[in-house]
Amino acid sequence: AQKVTQAQTEISVVEKEDVTLDCVYETRDTTYYLFWYKQPPSGELVFLIRRNSFDEQNEISGRYSWNFQKSTSSFNFTITASQVVDSAVYFCALGGSNYKLTFGKGTLLTVNP
Amino acid sequence: DAGVIQSPRHEVTEMGQEVTLRCKPISGHDYLFWYRQTMMRGLELLIYFNNNVPIDDSGMPEDRFSAKMPNASFSTLKIQPSEPRDSAVYFCASSRGLAGVNEQFFGPGTRLTVL
């Protein structure tokens, strides 16, 4: 069975602080895919990144970066110099041989001015 | 390119009434998914289609729920009869290629309230 754990239910930071959102996954697949989605207050889910299990290189996109570590089954997401517009619920998801996405419960990030 | 389109955006109905949610996936995408989001249960996959054929409906809560995809550009999720516990946000998503492998693109959701 696939499982995604986002242990942080809520995080609150002040603007310009760096913040890391944790994601730990469980799977028996050797080939799998990890995703992050953002759900702003408007409600729709926005795709941020996709990673396959064979690519452990860290990814950076502007203020966003992702750290994939197979040794600890983690795929953490860091926002550098956070902004109020980053306030949202962030979901980590896992896909694999069951051909579905398993989502974590999400982390509510609040960035205060 | 237009994203996933869902209608209505909000639906308020009374218990016992039939509710139909609609979805138009992104053109060219061969997978379509219906999800339900609640505070208690988070995001749940209800059913997904590949090339208009239902592949996995194990997430459909009960017989009151049904979904169809008559063609590549349209899908419906129907609840009959509706109950207050069906109140949730229902999302439609689509993807190109294997489900669980490629990113899914979500619609804006339909917020359903059953009184």
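No lab work stands behind these numbers, since they all come straight from the coordinates. Worth saying up front: this structure is predicted, and the values here are computed from it rather than measured. Positions of Cβ are backbone-derived with ideal geometry, glycine not excepted, and every protein chain shown enters the neighbour counts.
Residue separation of B:ARG64 and B:ARG22 scaled by 0.36 nm, minus their Cα-Cα distance, works out to 13.5 nm of gained length.
Cβ-Cβ distance of A:ALA81 and A:ARG28, R₀ of 22 Å, FRET efficiency by 1/(1 + (r/R0)^6): the value works out to about 0.05.
All other residues whose Cβ lies under 14 angstrom from that of B:SER58 are scored, Lys and Arg at +1 and Asp and Glu at -1, for a net of -3.
Mean partner shielding of peptide A:3-9, defined as the number of other chain Cβ atoms within 10 Å of each residue Cβ, is 0. Taken residue by residue and averaged, Cβ atoms of other chains lying within 10 Å of the Cβ of B:100-112 number 5.
At an R0 of 35 angstrom, the distance between the Cβ atoms of A:ASP55 and A:VAL14 translates into a FRET efficiency of 0.55. Ordering B:ARG36, B:ARG85, B:ARG96 by the number of other Cβ atoms within 10 Å of each residue's own Cβ, fewest first, gives B:ARG85, B:ARG96, B:ARG36.
Ranked for footprinting exposure by Cβ neighbours inside 10 Å, fewest first, A:PHE77, A:PHE54 give A:PHE54, A:PHE77. Summing charges over neighbours of A:ALA7, with a neighbour being any other residue whose Cβ is under 15 Å away from its Cβ, gives -1 when K and R count +1 and D and E count -1. A viscosity of 1.567 mPa s and a temperature of 4 °C, combined with the Kirkwood radius over C-alpha pairs in the Stokes-Einstein formula, give chain A a diffusion coefficient of 91 µm²/s. Which of the three applies to the range A:73-113, rounded, prolate or oblate, going by the alpha-carbon gyration tensor with a ≥ b ≥ c and a/c under 1.5 meaning rounded? Because a/c hits 1.5 or more and a/b exceeds b/c, the range A:73-113 counts as prolate.
In terms of other Cβ atoms within 10 Å, B:LEU112, A:LEU34 run from fewest to most in the order B:LEU112, A:LEU34.
Couplings for the range A:104-112, taken from phi via the Karplus curve 6.51 cos²θ - 1.76 cosθ + 1.60 with θ = phi - 60°, read x, 6, x, 10, 7, 9, 10, 10, 8 Hz in order; Gly and Pro are left as x. Given all pairs of different Cα atoms, what value in angstroms does the Kirkwood hydrodynamic radius of the protein assembly as shown take? Every distinct Cα pair counted, the radius reaches 18.2 Å.
Per residue of B:38-48, other chain Cβ atoms within 10 Å of the residue Cβ number 2 on average. Couplings 3J(HN,Hα) of the range B:48-58, computed from phi: 9, 10, 10, 6, 6, 9, x, 9, 9, 10, 5 Hz, in residue order, whole Hz [Karplus 6.51 cos²θ - 1.76 cosθ + 1.60, θ = phi - 60°; x for Gly and Pro]. In terms of overall dimensions, the C-alpha atoms belonging to the range B:50-99 reach 35, 19, 18 Å along their principal axes, ordered largest to smallest. In straight-distance terms, cross-link reach from A:LYS100 covers every one of the aspartates and glutamates whose alpha-carbon lies under 18 Å from its own, apart from those fewer than eight places away in the same chain; here that gives A:GLU26, A:ASP29, B:ASP30, B:GLU44, B:ASP56, B:ASP57, B:GLU103.
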